[in-house]
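Please read the structure below before turning to the comments.
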Amino acid sequence: MRALIYLVLMYLAAYLSACGGPGPAPAMAVDVSCQLRATTLQLEVGASPEPDHLAYCNALAALILGPYYDAYQEWRPTDMTRHVVRVRVAGDLRDTNPKLAAIDFRIGGETYDDAIDLAFGNWKSLAHEMNHVARGSGHGGWCVDFGPWAWETLQDDERAYLHCDNY
Ligand SMILES: [Zn+2]
C-alpha cells in the first residue's frame, strides 16, 4: 500500500520536458529491468524507494507508465522496440548529461536515439517523449495534434511549453 501511495504522489508531480538532441543516451548504472509492453523499463541504481526493486519496477510499468504508453499507442502506434525507458534518480535531467546542463529550465524528459530518460517522478512526460520517437526532435506542428490530445487525454497542459496560442 505504501508503494501505491508513493506512486500516486509522484504521478502528481509535473515538470517540463526537454526536446531531444539526437545521439545515444549517456551511460547509466542499471539496477533492474522489467517489461513495459514492447519495450524495457530500466531503473537507475538508487531509483527504487522500495526494498524490492523488481516489484517497484513492475509496479511503475503497470500503474503509471503503462497507461501513458497505452494511451499514446492507441493514438499514434509507434515502434518503441529500439528505445528503453530509463527512470533516473535525478529529479532534473540537467544533472544527468553535461549537454543539458546549460538549459534554463528544469528537464523532466529527454529522448535519445536509443532511450527515453524520465526524471524521477516525471512519468507524464512519457507520452511527450514517445511523440519525439515518432516525430523526431523539435515541436513543429505539435500544437495542432499532440498538444490537444495530451490535454484531453492526459490533462497535461503543454500550451506554454509548446508555445501554442490555445487549443
Ligand atoms: Zn519535446
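The values are calculated or read from the model by the stated rules, or taken from the named source; none is laboratory data. A quick note: this is a predicted structure, and the numbers were derived from the prediction, not measured. Counting neighbours? That spans all protein chains shown, and the Cβs are built from the backbone with ideal geometry, glycine included.
Odds and ends about this structure:
- Scanning region 94-123 for residues that are crowded, with 24+ Cβ neighbours inside 10 Å and more than 21 Å from H53 (Cβ to Cβ) gives I107, G108, G109, E110, T111.
- In the set (1) within 11 Å of the ligand (Cβ to nearest atom); (2) touching a helix residue (DSSP H, G or I) at 6+ places or on another chain (Cβ under 6 Å), the condition left unmet by L100 is number (1).
- G136 vs. criteria out of contact with any Lys or Arg (no Cβ under 7 Å at 6 or more places or on another chain) and within 16 Å of the ligand (Cβ to nearest atom): yes
- For region 74-93, filtered to residues that are assigned to a helix (DSSP H, G or I) and buried (at least 16 other Cβ atoms within 10 Å of the Cβ), the residue that is farthest from the chain's Cα centre (by Cα) is W75.
- Selection from region 87-110 of residues that are among the charged types (D, E, K, R), over 20 Å from G138 (Cβ atoms) and out of contact with any Phe, Trp or Tyr (no Cβ under 9 Å at 6 or more places or on another chain): D95
- Condition check for S137: among the small types (G, A, S), farther than 27 Å from S48 by Cβ and touching a residue at least 40 places away in the same chain (Cβ under 8 Å): yes
- Odd one out for G46 among (1) more than 14 Å from A25 (Cβ to Cβ); (2) assigned to a helix (DSSP H, G or I): (2)
- Any hit, region 111-126, residues being part of a helix (DSSP H, G or I), in contact with a Phe, Trp or Tyr (Cβ under 8 Å, 6 or more places away or on another chain) and without any contact (Cβ under 8 Å) to a residue 60 or more places away in the chain: no
- Against the conditions (1) away from the ligand (no atom under 15 Å from the Cβ); (2) not in a loop (DSSP other than H, G, I, E, B), N166 satisfies every one except (2).
- Per the conditions (1) over 13 Å from the mean Cα position of the chain (by Cα); (2) among the β-branched types (V, I, T); (3) closer than 29 Å to D145 by Cβ, the sole criterion not satisfied by V45 is (3).
- Exactly one residue out of L16, L9, L60 is under 20 Å from R135 (Cβ atoms) and either within 15 Å of the chain's Cα centre (by Cα) or at pLDDT below 95 (or both), and it is L16.
- V144 vs. criteria more than 9 Å from the ligand (Cβ to nearest atom), β-branched (V, I, T) and exposed (fewer than 14 other Cβ atoms within 10 Å of the Cβ): yes
- Complete set of residues in region 113-133 that are away from the ligand (no atom under 13 Å from the Cβ) and either in contact with a Cys (Cβ under 9 Å, 6 or more places away or on another chain) or on the phi > 0 side of the Ramachandran plot (or both): G121
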